[in-house]
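The values are calculated or read from the model by the stated rules, or taken from the named source; none is laboratory data. On a predicted model such as this, the values are computed, not experimentally measured, just so you know. Virtual Cβ from ideal backbone geometry, glycine too; neighbours counted across all protein chains shown. These accessible areas exclude ligands, DNA and RNA; they are computed on the full protein's heavy atoms, side chains included. Shrake-Rupley method; radii C 1.70, N 1.55, O 1.52, S 1.80 Å.
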Amino acid sequence: MRLALWMYEGTAHHGVGRIANSMQKVHAVFHAPQGDDYVNPIFTMLERTPAFPQMTTSVVSGRDLAQGTIRLPETLRQVEAKLHPDLIIVCASCSTILLQEDLEVVAANAHTQAEVLVYDANPYRMAEVLSADGLFTQLTKRYARPQPLTARPSVNIIGPASLGFHVRTDLICLRRIMQTLGVQVNVIAPLGASLADMARLPAAWLNIAPYRELGRKAAVYLEEQFGTPALYDAPIGVQPTLAWLRRLVEMLNDVGARVDGPAVDLPPLTAFSLDGMSAPSGVPWFARTADMDSFSSKNAFVFGDATHTVGIVKFLHDELGMDIAGAGTYLAHEAGWVAEQLVGYLPPTADQESPTADRTAHGQPSSVGGLLVTDRFQDVAARIAELQPSLVCGTQMERHSCRKLDIPCIVIAPPTHIENHLLGYRPMLGFDGADVIADEVYTTTTLGLEKHLIDLFGDAGLEYEENGGQEIGQDTPALDTPPSQENAVASGALPHPLTPKAQTPTWTPDAQAMLKKVPFFVRGRVQRNVEKYATEQGVSDITVDVLQAAKEALGG
Amino acid sequence: MSLTLAVYGKGGIGKSTTSANLSAAFALQGAKVLQIGCDPKHDSTFPLTGTLQNTVIDVLTEVDFHIEDVDIDDVVKHGYAGVDTLESGGPPAGSGCGGYVVGETVKLLNEFGLYNKYDVIVFDVLGDVVCGGFSAPLNYADFGVIIACNDFDSIFAANRLCLAIKQKSVRYKVKLAGIIANRVDYEYGGGTALLDEFASTVGTEIIGKVPYHDLIRRSRLAGRTLFEMEGPDKEQCIAPFTHMADYLLNQPRSEVPSPLGDREIFNVIGGWK
């Protein structure tokens, strides 16, 4: 293990918390020291759901280590008395797993009415994603019961979970699609599922498991054990959603033919639009507009989990016509699949010549088919700095890195942030998801006229937070503001609030008037660049001529 | 000058008996000595005090684990020749974490400022360095001392202890002061030939040879140091301790050992006599 400022994936017991917190009347108990309960507040801070997170830490203290005592049975009894869960999932944290205790035996001593499942999540072998997926698969195997199929065509939606990336709005989108098709949603799991719902999983005609990270293994099990076919693709982008819809209808009708059930028809595509009369997504038209023309020469770098990295690379390339500068994932165990999906999308393996390419030892970035595979955010930031793409699609950490690099960035993959748990409708899947992502790309990337001005004057004058305060102080009041007193004090000079700084050139009225014609959002930057130019040239008065000369010199 | 020793050796080799007699020998030469038993079995200081004293864990239990309520006098007892004694204690066998307790005790003593109050501190640590907790005394020790007999098993364990000391010496000041040969059987020709060979191979030396004598066994049963015993050959039994105390107090030679690999030692030891 390694001390890190940032982890793309949480620990194994965080993965357990995500599953327990998703479900009805299921509670996780962490056998862990005080410090390892940091996972609990993550749920309250980010998701901000009305209920308390369904997890409790059974604190292991120095006394327990010194005397061999264990609090767990008492915690289990308390959890049962207060919350009456149907199932309690017990797991050790990274620290307590070192004690090699037999928690099965300890938990059995609690004699609770609720079922207790001790989940062996070894944090030295697995992190959040494998732990959550492993637990959900285990629960599916434990509770799914053989039963007849529903009378009407139906699906399970498998994979949405607590703290998932935009999963609540993905669900809204998928439910709307099912409603439009007249297909019943049998069970959604783990989010909102009770143990009884888990038992009903095999009643569905088809499983939808769009997330590579969670639910796919459970769907594979249901397919093997109960013969439920599964649709594993993620409908990200317009064409993939269309293909996904056709496949869904086809698979449901295969089942219908087998069980002599009702058929499903694909309605006109306008039925999938929110207003019921337009095309279901604006992306195909939008991509052909003049606005979008300025995307054609732009390139993007994509980094994230497996599902979203693959989906977004294809969407940017196939539907927005952007070039792909590179891509990567922090999920090493999915790197092979991601690379296979992205064959033909990634630039010819330029990075195999880079010095980082052959560092494949543990914790070092490696390259799989031109894909960057690393869980160190510094490697990702270095790759972005090296590629200087026009757009980065990444996690919250890439958003952070890109602020420093001054590169536009949108967040397309977990881990989530408060901003990924907003109240509004922002799905990633389906036609609506395509619209959301396209808007995000459009409003984030620098475009058209804006780009022209930036080429002219350096940048858009839109400083980021780090120096935002200074920006407001210096630039928003117009040209005749006296230099700020703080600046003088801070630089050690005597405060002379009424005396302008000797170096600052003065603007003549006609030059001022011309400056005011510059769009407001770059005016401050233009003003500073021209003043800098004038100072360098030893000019004390900025006239229209000086302004013109500055424009020439600065590349205009 | 203060001197901190960490005594290690294979289980049952006589670490506690040897440590207690060595502590007594230091004290009889006028040094202010603290012996710290770092074994959950907490019987290290028995020969010095004649009792199984309260451990740090016993005391913590009394104050409900409020470490700020622990007074140093609650945990430090006084034994033969003015030697102060302390036992870390630990959880019942097979539960909790013994290494955690040892590591915490060693840190607690640091918080109490105990490392500056004595001329000599002797850590008597359990058999082998099995985890970080049991290596904690090496973070404070000037010297490691290994107790071994003239047999393969204890030499194999000694080699592993050399590995632990070598590893620690990368970041800490600790070096190996030498090997104490225990149960040297002069009568039946046991000698120390294997041990001599091992010591020169890893780059250390034998700093004392304690005879295999019934007086030592009886002293352990009686809960006394050798110095308090009466019987034939007493002088012969005491002499190595007095000599070692004198040697260790006067800036002994010490080295970072060059241990053999675990497999290597199997191959070479057959050629020794």
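Of the residues A:VAL220, A:VAL155, which is under 22 Å from A:ALA263 (Cα atoms) and of a type in the set (A, V, I, L, M, F, W, C)?
Working: A:VAL220 fails: under 22 Å from A:ALA263 (Cα atoms).
The match here is A:VAL155.
Between A:THR270, A:THR309, A:THR289, which is β-branched (Val, Ile, Thr) and within 23 Å of A:ARG376 (Cβ to Cβ)? First the steps, then the outcome.
Values: A:THR270 fails: within 23 Å of A:ARG376 (Cβ to Cβ); A:THR289 fails: within 23 Å of A:ARG376 (Cβ to Cβ).
On inspection, the qualifying residue turns out to be A:THR309.
Tell me the helices (runs of 4 or more DSSP H) entirely within segment A:24-104 that contain at least 1 residues that are of a type in the set (Gly, Ala, Ser) and away from chain B (no Cβ under 14 Å).
Numbers: elements: A:39-46, A:62-67, A:72-83.
Qualifying helices (runs of 4 or more DSSP H): A:72-83.
One line per residue, one yes/no per condition, for (1) away from every other protein chain (no Cβ under 13 Å); (2) surrounded by 22 or more Cβ atoms within 10 Å (Cβ to Cβ):
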residue: B:GLY37; (1), (2): yes, yes
residue: B:ASP71; (1), (2): yes, no
residue: B:VAL83; (1), (2): yes, yes
residue: B:GLY96; (1), (2): no, yes
residue: B:PHE112; (1), (2): yes, no
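Which residue, of A:ARG142, A:ARG168, A:ARG152, is in contact with a strand residue (DSSP E or B) (Cβ under 9 Å, 6 or more places away or on another chain), in a helix (DSSP H, G or I), closer than 30 Å to A:PRO235 by Cβ and of a type in the set (D, E, K, R)?
The unique qualifying residue is A:ARG142.
Does B:ALA239 qualify as being in a helix (DSSP H, G or I), free of Cβ contacts under 8 Å to residues at least 60 places away in the same chain and under 25 Å from B:LEU161 (Cβ atoms)? Break it down into steps so the answer makes sense when it comes.
Working: in a helix (DSSP H, G or I): yes; free of Cβ contacts under 8 Å to residues at least 60 places away in the same chain: yes; under 25 Å from B:LEU161 (Cβ atoms): no.
Taking the combined requirement at face value, the residue does not satisfy it.
Has segment B:229-246 got at least one residue that is open to solvent by less than 20 Å² (accessible area, probe 1.4 Å), under 18 Å from B:ASN150 (Cα atoms) and among the β-branched types (Val, Ile, Thr)?
no
Among the residues of segment A:63-97 satisfying the criterion of being among the charged types (D, E, K, R) and free of Cβ contacts under 8 Å to residues at least 40 places away in the same chain, which is farthest from B:GLY98 (Cα to Cα)?
At the first step, the residues of segment A:63-97 found to be among the charged types (D, E, K, R) are A:63-64, A:71, A:74, A:77, A:80, A:82, A:86.
Retained after the next criterion (residues that are free of Cβ contacts under 8 Å to residues at least 40 places away in the same chain): A:63-64, A:71, A:74, A:77, A:80, A:82.
Working: A:ARG63: 12, A:ASP64: 11, A:ARG71: 18, A:GLU74: 24, A:ARG77: 28, A:GLU80: 32, A:LYS82: 35 Å.
Among residues in segment A:63-97 that are among the charged types (D, E, K, R) and free of Cβ contacts under 8 Å to residues at least 40 places away in the same chain, the one farthest from B:GLY98 (Cα to Cα) is A:LYS82.
Look through B:ASP185, B:ASP128 and report the one residue that is in contact (Cβ under 8 Å) with a residue 40 or more places away in the chain, acidic (Asp, Glu) and open to solvent by 10 Å² or more (accessible area, probe 1.4 Å). I'd like the intermediate steps shown before the answer.
On the way: B:ASP185 fails: in contact (Cβ under 8 Å) with a residue 40 or more places away in the chain.
Every option except B:ASP128 fails the conditions.
Across segment B:202-228, what is the number of residues that are open to solvent by 20 Å² or more (accessible area, probe 1.4 Å) and closer than 22 Å to B:ASP43 by Cβ?
The total comes to 12.
Quick check on this structure: which one of A:THR96, A:THR75 is modelled with pLDDT under 95 and hydroxyl-bearing (Ser, Thr, Tyr)? Can you show your working first?
Working: A:THR75 fails: modelled with pLDDT under 95.
Sole residue among the options that is modelled with pLDDT under 95 and hydroxyl-bearing (Ser, Thr, Tyr): A:THR96.
List the helices (runs of 4 or more DSSP H) inside segment B:111-216, counting only whole elements, that have at least 2 residues being in contact with a strand residue (DSSP E or B) (Cβ under 7 Å, 6 or more places away or on another chain). Outline the logic, then answer.
Values: elements: B:132-135, B:137-140, B:152-168, B:193-202.
In segment B:111-216, B:137-140, B:152-168, B:193-202 are the helices (runs of 4 or more DSSP H) which contain 2 or more residues that are in contact with a strand residue (DSSP E or B) (Cβ under 7 Å, 6 or more places away or on another chain).
For A:ALA219, all conditions in the list (1) assigned to a helix (DSSP H, G or I); (2) without any contact (Cβ under 8 Å) to a residue 40 or more places away in the chain; (3) open to solvent by less than 30 Å² (accessible area, probe 1.4 Å) hold save one; what is the number of the exception?
Exception for A:ALA219: condition (2).
Checking B:PRO91 against (1) in contact with a Pro (Cβ under 9 Å, 6 or more places away or on another chain); (2) more than 18 Å from B:SER16 (Cβ to Cβ); (3) more than 8 Å from chain A (Cβ to nearest Cβ); (4) not β-branched (Val, Ile, Thr), only one condition comes out false. Which one?
(3)
Got a number for residues in segment A:526-556 being surrounded by 15 or more Cβ atoms within 10 Å (Cβ to Cβ) and modelled with pLDDT under 80?
1
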